[in-house]
1. Considering only the range 34-43, I want to know if a residue exists there that is out of contact with any Gly (no Cβ under 8 Å at 6 or more places or on another chain) and of a type in the set (A, V, I, L, M).
2. Search the range 157-178 for residues that are within 19 Å of GLN128 (Cα to Cα) and in contact (Cβ under 8 Å) with a residue 12 or more places away in the chain and pair each with any residue that is among the hydrophobic types (A, V, I, L, M, F, W, C) and part of a loop (DSSP other than H, G, I, E, B) when their beta-carbon atoms are under 8 Å apart and the residues are at least 6 apart or on different chains.
3. Out of the range 141-186, which residues are more than 21 Å from the chain's Cα centre (by Cα), at negative phi and surrounded by fewer than 10 Cβ atoms within 10 Å (Cβ to Cβ)?
4. Which condition does THR76 not pass, out of (1) among the hydroxyl-bearing types (Ser, Thr, Tyr); (2) surrounded by 10 or more Cβ atoms within 10 Å (Cβ to Cβ); (3) in contact with a strand residue (DSSP E or B) (Cβ under 6 Å, 6 or more places away or on another chain); (4) over 19 Å from GLY106 (Cα atoms), if it passes all the others?
5. State whether the residues of the range 92-109 include one that is open to solvent by less than 30 Å² (accessible area, probe 1.4 Å), closer than 28 Å to THR2 by Cβ, touching a residue at least 60 places away in the same chain (Cβ under 8 Å) and of a type in the set (A, V, I, L, M).
6. Can you pull out the residues in the range 5-35 that are more than 13 Å from ASN66 (Cα to Cα), touching a strand residue (DSSP E or B) at 6+ places or on another chain (Cβ under 7 Å) and not hydroxyl-bearing (Ser, Thr, Tyr)?
7. Does THR64 count as among the polar types (S, T, N, Q) and either surrounded by 14 or more Cβ atoms within 10 Å (Cβ to Cβ) or out of contact with any strand residue (DSSP E or B) (no Cβ under 9 Å at 6 or more places or on another chain) (or both)?
Amino acid sequence: GTFKASWTASTGNYGVGSVSYQLYCGNDLIGSATTNTSITANIPTYGTAYSFTVKATYSGVSATSNATSYTFAQPTLGKPGKPTVTSTTTQYTVTWSAASAANGAGSVYYRVIIAKTDGSYVNTTNWQTSRTYTAAIPSSGTYAITVEATYHNASSSSAGALSYLSDTTEATLTVGSLTAPGAPTI
(Lines give C-alpha, C1' and ligand atoms only; values in the text may rest on other atoms or scores of the structure.)
Protein backbone atom coordinates (compact mmCIF):
# COMPACT_ATOMS: atom_id res chain seq x y z
CA GLY A 1 0.00 0.00 0.00
CA THR A 2 0.70 3.62 0.48
CA PHE A 3 1.34 6.00 3.36
CA LYS A 4 0.73 9.71 3.86
CA ALA A 5 3.39 11.93 5.45
CA SER A 6 2.32 15.38 6.62
CA TRP A 7 4.10 18.26 8.37
CA THR A 8 3.58 21.86 9.44
CA ALA A 9 4.42 24.57 6.93
CA SER A 10 7.71 26.43 7.05
CA THR A 11 7.63 29.98 8.32
CA GLY A 12 10.00 32.86 7.72
CA ASN A 13 10.51 36.05 5.80
CA TYR A 14 10.36 35.39 2.13
CA GLY A 15 9.02 37.25 -0.86
CA VAL A 16 6.37 36.40 -3.39
CA GLY A 17 6.33 32.81 -4.53
CA SER A 18 5.86 29.33 -3.19
CA VAL A 19 7.78 27.20 -0.75
CA SER A 20 8.50 23.76 -2.15
CA TYR A 21 8.84 20.68 0.03
CA GLN A 22 10.69 17.42 -0.53
CA LEU A 23 10.14 14.30 1.53
CA TYR A 24 13.23 12.14 2.05
CA CYS A 25 13.55 8.58 3.30
CA GLY A 26 17.18 8.50 4.41
CA ASN A 27 18.96 10.13 1.46
CA ASP A 28 16.33 9.07 -1.09
CA LEU A 29 13.82 11.62 -2.38
CA ILE A 30 10.31 10.14 -1.97
CA GLY A 31 8.22 12.99 -3.35
CA SER A 32 7.83 16.74 -3.79
CA ALA A 33 5.04 19.23 -3.15
CA THR A 34 4.59 22.93 -3.72
CA THR A 35 2.72 24.70 -0.90
CA ASN A 36 1.08 21.39 0.14
CA THR A 37 2.13 20.02 3.52
CA SER A 38 1.61 16.34 2.78
CA ILE A 39 2.75 13.70 0.33
CA THR A 40 1.34 10.23 -0.34
CA ALA A 41 3.92 7.64 -1.39
CA ASN A 42 4.38 3.88 -1.69
CA ILE A 43 5.42 1.93 1.41
CA PRO A 44 9.03 0.86 0.75
CA THR A 45 9.16 -2.36 2.87
CA TYR A 46 7.35 -3.70 5.90
CA GLY A 47 9.22 -4.36 9.15
CA THR A 48 12.18 -2.04 8.47
CA ALA A 49 12.78 1.20 10.40
CA TYR A 50 13.05 4.24 8.13
CA SER A 51 14.19 7.80 8.87
CA PHE A 52 12.08 10.54 7.21
CA THR A 53 12.89 14.25 6.84
CA VAL A 54 11.26 17.16 5.01
CA LYS A 55 13.30 19.81 3.23
CA ALA A 56 11.68 23.21 2.56
CA THR A 57 13.16 25.36 -0.21
CA TYR A 58 12.46 28.93 -1.27
CA SER A 59 14.55 30.91 -3.74
CA GLY A 60 17.78 29.08 -2.95
CA VAL A 61 17.29 29.06 0.83
CA SER A 62 16.43 25.75 2.49
CA ALA A 63 15.66 24.29 5.89
CA THR A 64 15.36 20.63 6.89
CA SER A 65 13.10 19.15 9.58
CA ASN A 66 14.21 16.87 12.37
CA ALA A 67 14.14 13.20 11.41
CA THR A 68 11.18 10.95 12.24
CA SER A 69 11.73 7.21 12.48
CA TYR A 70 8.90 4.90 11.39
CA THR A 71 8.46 1.17 10.84
CA PHE A 72 5.58 0.05 8.60
CA ALA A 73 3.72 -2.95 10.01
CA GLN A 74 2.41 -5.58 7.60
CA PRO A 75 -1.41 -5.52 7.48
CA THR A 76 -3.11 -8.78 8.37
CA LEU A 77 -6.68 -9.93 7.92
CA GLY A 78 -8.27 -13.25 8.75
CA LYS A 79 -11.42 -14.71 7.33
CA PRO A 80 -14.75 -13.88 9.00
CA GLY A 81 -16.56 -16.52 11.05
CA LYS A 82 -18.84 -19.04 9.34
CA PRO A 83 -22.25 -17.38 8.91
CA THR A 84 -25.27 -18.42 10.97
CA VAL A 85 -28.68 -18.12 9.34
CA THR A 86 -32.06 -17.70 11.03
CA SER A 87 -35.32 -17.14 9.21
CA THR A 88 -39.01 -16.43 9.53
CA THR A 89 -41.60 -17.07 6.83
CA THR A 90 -40.70 -13.79 5.11
CA GLN A 91 -37.07 -12.89 5.85
CA TYR A 92 -33.68 -14.30 6.78
CA THR A 93 -30.89 -12.93 8.98
CA VAL A 94 -27.21 -13.75 8.56
CA THR A 95 -24.76 -13.16 11.45
CA TRP A 96 -21.03 -13.90 11.72
CA SER A 97 -18.04 -13.24 13.95
CA ALA A 98 -15.48 -10.56 13.09
CA ALA A 99 -12.42 -11.23 10.97
CA SER A 100 -9.17 -10.81 12.91
CA ALA A 101 -7.39 -7.69 11.64
CA ALA A 102 -4.31 -5.60 12.36
CA ASN A 103 -2.43 -2.68 10.75
CA GLY A 104 -4.81 -2.27 7.82
CA ALA A 105 -5.98 0.91 6.15
CA GLY A 106 -9.56 1.80 7.00
CA SER A 107 -12.16 -0.32 8.76
CA VAL A 108 -12.95 -3.96 8.13
CA TYR A 109 -16.01 -4.19 5.88
CA TYR A 110 -18.17 -7.20 5.10
CA ARG A 111 -20.55 -8.27 2.36
CA VAL A 112 -22.82 -11.29 2.15
CA ILE A 113 -22.85 -13.51 -0.93
CA ILE A 114 -25.98 -15.65 -1.17
CA ALA A 115 -26.69 -18.07 -4.01
CA LYS A 116 -29.47 -20.59 -4.55
CA THR A 117 -27.80 -23.98 -4.97
CA ASP A 118 -29.75 -24.64 -8.20
CA GLY A 119 -28.13 -21.49 -9.67
CA SER A 120 -31.39 -19.59 -10.14
CA TYR A 121 -30.46 -16.74 -7.76
CA VAL A 122 -27.20 -15.00 -6.79
CA ASN A 123 -26.86 -11.78 -4.80
CA THR A 124 -23.90 -9.91 -3.35
CA THR A 125 -24.77 -7.20 -0.82
CA ASN A 126 -23.16 -3.79 -0.46
CA TRP A 127 -20.16 -3.43 1.87
CA GLN A 128 -21.01 -2.77 5.52
CA THR A 129 -19.25 -2.68 8.90
CA SER A 130 -22.12 -4.45 10.69
CA ARG A 131 -21.88 -8.21 11.20
CA THR A 132 -25.61 -8.78 10.72
CA TYR A 133 -27.56 -8.75 7.47
CA THR A 134 -31.36 -9.13 7.14
CA ALA A 135 -33.35 -9.34 3.88
CA ALA A 136 -36.54 -10.76 2.41
CA ILE A 137 -36.39 -14.39 1.28
CA PRO A 138 -36.32 -14.21 -2.54
CA SER A 139 -37.92 -17.65 -3.03
CA SER A 140 -38.08 -21.00 -1.26
CA GLY A 141 -35.03 -23.21 -1.71
CA THR A 142 -31.58 -24.15 -0.46
CA TYR A 143 -28.96 -21.38 -0.41
CA ALA A 144 -25.18 -21.26 -0.02
CA ILE A 145 -24.21 -18.23 2.08
CA THR A 146 -20.68 -16.83 2.42
CA VAL A 147 -19.32 -13.63 4.00
CA GLU A 148 -16.37 -11.69 2.54
CA ALA A 149 -14.15 -9.41 4.66
CA THR A 150 -11.77 -6.71 3.44
CA TYR A 151 -10.00 -3.56 4.57
CA HIS A 152 -11.96 -0.76 3.07
CA ASN A 153 -11.95 3.01 3.04
CA ALA A 154 -15.07 5.14 2.83
CA SER A 155 -14.43 6.25 -0.75
CA SER A 156 -14.08 2.75 -2.19
CA SER A 157 -16.79 0.29 -3.20
CA SER A 158 -14.47 -2.59 -4.08
CA ALA A 159 -12.53 -5.17 -2.10
CA GLY A 160 -9.00 -4.27 -1.05
CA ALA A 161 -5.84 -6.29 -1.65
CA LEU A 162 -6.55 -8.31 1.50
CA SER A 163 -9.95 -9.93 1.10
CA TYR A 164 -11.05 -13.26 2.56
CA LEU A 165 -14.17 -15.43 2.39
CA SER A 166 -15.74 -17.24 5.33
CA ASP A 167 -16.65 -20.90 5.23
CA THR A 168 -19.98 -21.44 3.47
CA THR A 169 -23.23 -22.21 5.26
CA GLU A 170 -26.12 -23.96 3.50
CA ALA A 171 -29.60 -22.99 4.62
CA THR A 172 -33.05 -23.99 3.43
CA LEU A 173 -35.31 -20.96 3.37
CA THR A 174 -39.06 -21.21 2.88
CA VAL A 175 -41.33 -18.33 1.92
CA GLY A 176 -44.62 -18.42 3.82
CA SER A 177 -46.27 -21.51 5.13
CA LEU A 178 -49.28 -23.44 3.98
CA THR A 179 -51.13 -26.35 5.51
CA ALA A 180 -52.73 -29.04 3.41
CA PRO A 181 -56.39 -28.42 2.57
CA GLY A 182 -59.03 -30.68 4.00
CA ALA A 183 -59.97 -33.81 2.10
CA PRO A 184 -62.73 -33.28 -0.42
CA THR A 185 -66.26 -34.11 0.59
CA ILE A 186 -68.35 -35.73 -2.07
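The values are calculated or read from the model by the stated rules, or taken from the named source; none is laboratory data. Worth saying up front: this structure is predicted, and the values here are computed from it rather than measured. Positions of Cβ are backbone-derived with ideal geometry, glycine not excepted, and every protein chain shown enters the neighbour counts. For accessibility, only protein heavy atoms count, side chains too; no ligands or nucleic acids. Shrake-Rupley method; radii C 1.70, N 1.55, O 1.52, S 1.80 Å.
1. Scanning the range 34-43, I find no residue that is out of contact with any Gly (no Cβ under 8 Å at 6 or more places or on another chain) and of a type in the set (A, V, I, L, M), so the answer is no.
2. SER157/TRP127; GLY160/ALA105; TYR164/ALA99; SER166/TRP96
3. SER177, LEU178, THR179, ALA180, PRO181, GLY182, ALA183, PRO184, THR185, ILE186
4. It fails just one condition, (4).
5. Yes, the range 92-109 has at least one match.
6. Answer for the range 5-35, where residues must be more than 13 Å from ASN66 (Cα to Cα), touching a strand residue (DSSP E or B) at 6+ places or on another chain (Cβ under 7 Å) and not hydroxyl-bearing (Ser, Thr, Tyr): ALA5, GLY17, VAL19, GLN22, LEU29, ILE30, GLY31, ALA33.
7. In short, no.
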